[in-house]
Amino acid sequence: MEGEGKATRLLKACPLAVLSLALLSCSLAPGPRDASPPSGVGYTELEFVDTERSRTLDTTLWYPTPDNLNPTEQAYPSGFLGHAMKDAQPFDVPVKLPLILLSHGDRGMSTNLAWLAERFAENGYLVAGIDHWLNTSLNNEPEETLRLWNRPADLSFVLTRLLADPFWGQRIDANRIGVAGHSSGGYTAFALAGAIYDADVMAAYCESDRRGPDCELVKGVDFGKVDFSAASESYRDRRIRASFAMAPAAGNGIRSSSLAAIAIPVHVVTTEYDEILDPARNAIHYAKQTPGSTLTVEREGGHFVYLSRCSLVTAVFTYFLEFDICGTRSSVDRDAVHRRISGQAVAFFDEKLGM
């Protein structure tokens with residue numbers, strides 16, 4: 001987080017309004033806690049600077065630790081809840097561990113997916129969650145929503161730096177690397193597997209009568225500020241051995257021929273209803289066009305069910321937003337959904353990466 005958090009700034013700016021909301025917050029409290037929170041998980045915060053592309057990539061690295069065996073729930077700086085201990089003692093070196101790269105959704109943060117990262121780490125994985133420059137909740141440029149192709153390049157850059165890192169590099173098994181992501185991060189997971197984005201096809205979709213709510217995300221964007229010359233390059237990273245995509249975005253702009261050529265294992269997750277990304281045109285389309293892929297359809301929740309539960313302050317501040325980020329207006333038990341999906345994700349990578 002850069003400087004004061006959003007919640008802190010709002011508290012200072014309008015304390016009476018916040019107090020009024022807080023008095024109503026009994027009904028907004030996060031849902032029931034997971035009966036068995038992830039234990040033995042630590043995390044640290046790293047920063048990598050890609051000077052060629054002028055991008056600063058804040059990275060959260062989760063890892064197994066001999067500490068934190070009796071975890072307590074805490075809030076990450078993003079306002080989402082988790083159980084990892086910051087800067088806990090890292091594991092010993094002798095056994096190298098597989099690494100999962102994690103990509104958040106448009107205008108999100110990697111700690112939005114802490115529920116998944118912590119489960120991976122509890123099961124013996126390293127997890128690197130990258131905050132995509134100019135596309136986070138704290139550092140956002142509207143045009144970056146269009147620049148999807150920056151995302152896979154971000155993950156490849158951080159992977160290279162981690163493998164070369166004198167401390168973490170010796171702890172990573174370079175032959176067992178996977179990627180997981182949500183929404184635009186789901187696209188990222190596919191792009192690293194070989195999916196190619198076609199900006200012209202996406203634009204045609206958004207100008208047609210078939211356009212969906214996803215097109216509204218770029219409403220008001222100055223297209224003249226976006227250089228599309230690198231949009232349709234391949235960002236396949238052959239170090240990636242398996243891909244797990246949750247509610248992947250941009251399905252209407254992906255070349256089917258590139259999906260047909262994907263040769264690594266892919267698991268796609270979606271919900272029956274998604275208020276932003278029509279599953280038939282996105283997740284299900286990705287899965288159907290990708291040879292040998294696995295598709296899981298969750299009956300509960302929508303586009304934001306994949307986010308961690310929120311702290312009370314975050315739940316209050318997001319309650320009146322258009323989208324139910326924290327699930328405070330929903331009866332869906334996020335913990336239960338997360339248990340199912342994280343179980344599938346761990347089993348998938350265990351099998352495909354040889355755990």
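Only the coordinates and a few stated rules stand behind these numbers; no lab work does. Not measured: the values here are computed from a predicted model. With ideal geometry, Cβ positions are generated from the backbone for all residues, glycine too; neighbour counts draw on all protein chains shown.
Counting other beta carbons within 10 Å of each Cβ, put MET246, MET85, MET355 in order, fewest first.
Working: MET246 27, MET85 20, MET355 14.
If I rank by nearby Cβ atoms, fewest first, I get MET355, MET85, MET246.
Pairs of Cα atoms under 8 Å, at least six residues apart: use those to get the relative contact order of the chain, whole percent.
Working: 750 pairs, mean separation 62.9, N = 355.
Reported relative contact order: 18 percent.
By other beta-carbon atoms within 10 Å, ranking SER331, SER311 with the fewest at the front produces SER331, SER311.
Ordering SER184, SER208, SER39 by the number of other Cβ atoms within 10 Å of each residue's own Cβ, fewest first, gives SER208, SER39, SER184. At 15 angstrom or more along the helix axis (alpha-carbon based) and mean Kyte-Doolittle of -0.5 or higher, what helices does the chain contain? Whole DSSP H runs only. The answer, listed by residue number, is 150-164.
May I ask you to derive the relative contact order of region 203-355, considering only C-alpha pairs under 8 Å and at least 6 residues apart, and to give it as an integer percent? Can you show the working numbers first?
Values: 179 pairs, mean separation 30.0, N = 153.
For region 203-355, the relative contact order is 20 percent.
Spin-label pair ARG55-ASP350: with each label point 7 Å from Cα along the Cα-Cβ axis, the two points sit 3.3 nm from one another. Using the Cβ-Cβ distance between ASP87 and PHE323 with R0 = 30 Å, the FRET efficiency computed as 1/(1 + (r/R0)^6) comes to roughly 0.35. Only aspartates and glutamates eight or more places from LYS288 in sequence, or on another chain, were considered; those with a Cα closer than 15 Å are ASP278. The charge dipole of the chain, taken about the Cα centre with unit charges on the Cβ atoms of Lys, Arg (+1) and Asp, Glu (-1), comes to about 500 debye, rounded to the nearest 20.
Compute the Rg to Rh ratio over region 75-231 from the alpha carbon atoms, using the Kirkwood formula for Rh, and round to two decimal places. Please report the intermediate quantities before stating the final value.
Values: Rg = 17.3 Å, Rh = 17.0 Å.
Across region 75-231, the Cα-based Rg/Rh ratio is 1.02.
Using a 10 Å Cβ count of at most 10 others and DSSP loop calls, identify the longest part of the chain lacking such GluC sites (Glu not before Pro).
Working: sites that count: GLU2, GLU52, GLU207, GLU322.
Here the longest segment lacking exposed loop sites spans 53-206.
Normalised by 2.2 N^0.38 Å, where N is the number of residues, the C-alpha radius of gyration of the chain stands at 0.94.
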